[in-house]
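Encoded as structure tokens, the structure appears first; notes follow it.
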Amino acid sequence: MRFEPLRYEHLRQMAEIEKEAFDMPWTENMFIPEVNSANATYVVGTRGEEVICYGGFHTVLDEAHITNIAVKSTSRGKGIGRFLFATLLAKAKEAGAKLVTLEVKTTNTAAISLYESFGFKVAGVRKRYYNNLYDAYVMWLDLEERA
């Protein structure tokens with residue numbers, strides 16, 4: 001598997017992975033603005049033409065806001081998500097981010113555990129953030145403390 005920048009030809013497969021991974025998946029059209037956005041950074045893990053995983057963030061001043069991170073269902077449980085997340089954090093640091101933030105469904109224990117293993121801490125809760133039903137933790141990482 002290799003990581004490459006987001007391209008239009010990835011979008012269809014990313015939208016399929018979104019459907020597997022999330023209750024409110026992004027559509028192919030929702031990803032289109034991300035391809036050329038000056039504030040968006042995405043990495044896509046591929047094997048040949050197959051998209052295995054992807055993740056991205058938006059840079060706002062000295063912060064990176066994780067927007068998406070997902071691994072194809074048939075490739076989960078192999079450490080790919082950890083490798084992808086480490087790559088995203090390195091890209092955020094390269095982009096000048098000092099802080100990284102994300103939201104995660106409070107019931108997504110696997111993702112929470114992954115984020116905590118990188119040093120993220122829960123800073124708050126967004127009530128009914130997902131589908132106007134499920135709460136989300138707001139988590140933050142200080143990249144300068146982590147260094």
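Excluding ligands, DNA and RNA, what is the solvent-accessible area per residue of the chain at a probe of 1.4 Å, expressed in Å²?
Details: 8110 Å² over 147 residues.
In whole numbers, the chain has 55 Å² accessible per residue.
May I ask which of Lys91/Lys121; Lys98/Lys127; Lys19/Lys91; Lys78/Lys98; Lys72/Lys105; Lys19/Lys98 have a Cα-Cα span longer than 24 Å here? Spell out each step's value before the answer.
Working: Lys91/Lys121 20 Å; Lys98/Lys127 26 Å; Lys19/Lys91 26 Å; Lys78/Lys98 29 Å; Lys72/Lys105 19 Å; Lys19/Lys98 32 Å.
Pairs exceeding 24 Å: Lys98/Lys127; Lys19/Lys91; Lys78/Lys98; Lys19/Lys98.
Between Ala90 and Tyr134, what is the spin-label point distance in nm, taking each point 7 Å from the Cα along the Cα→C-beta axis?
Calculated label separation equals 3.0 nm.
How many percent of DSSP beta bridges within segment 51-121 run antiparallel, rounded to 5? Can you show the working numbers first?
On the way: 8 of 11 bridges.
Taking every DSSP beta bridge with both residues in segment 51-121, the antiparallel ones total about 75 percent.
Given a 1.4 angstrom probe, I'd like the percentage of the accessible area of the chain that is carbon and sulfur, rounded to a whole number. Could you put the intermediate results ahead of the total?
Numbers: 4110 of 8110 Å².
For the chain, the apolar C and S fraction of the accessible surface comes to 51 percent.
Let me know the Kirkwood hydrodynamic radius for the chain, please, with Cα pairs as the basis and the value in Å to one decimal.
Values: mean 1/r = 0.0644 Å⁻¹.
Across the chain, the inverse of the average 1/r is 15.5 Å.
Can you tell me the relative contact order of the chain? Whole percent, Cα pairs under 8 Å, sequence separation 6 or more.
Taking the mean separation of contacting Cα pairs over the length of the chain, I get 18 percent.
Give the percent of DSSP beta bridges with both residues in the chain that are antiparallel, rounded to the nearest 5.
Working: 33 of 36 bridges.
The answer is about 90 percent antiparallel.
About the Cα centre, and with charges only on the beta carbon of Lys, Arg (+1) and Asp, Glu (-1), how big is the dipole of the chain? Nearest 20 debye, please. Intermediate values should be presented prior to the final figure.
Values: 18 positive and 19 negative charges, 66 e Å.
Here the chain has a charge dipole of around 320 debye.
The values are calculated or read from the model by the stated rules, or taken from the named source; none is laboratory data. On a predicted model such as this, the values are computed, not experimentally measured, just so you know. Note that we place each Cβ from the backbone using ideal geometry, even for glycine, and neighbour counts take in every protein chain shown. We work out accessible area using only protein heavy atoms, side chains counted, and drop any ligands, DNA or RNA first. Shrake-Rupley method; radii C 1.70, N 1.55, O 1.52, S 1.80 Å.
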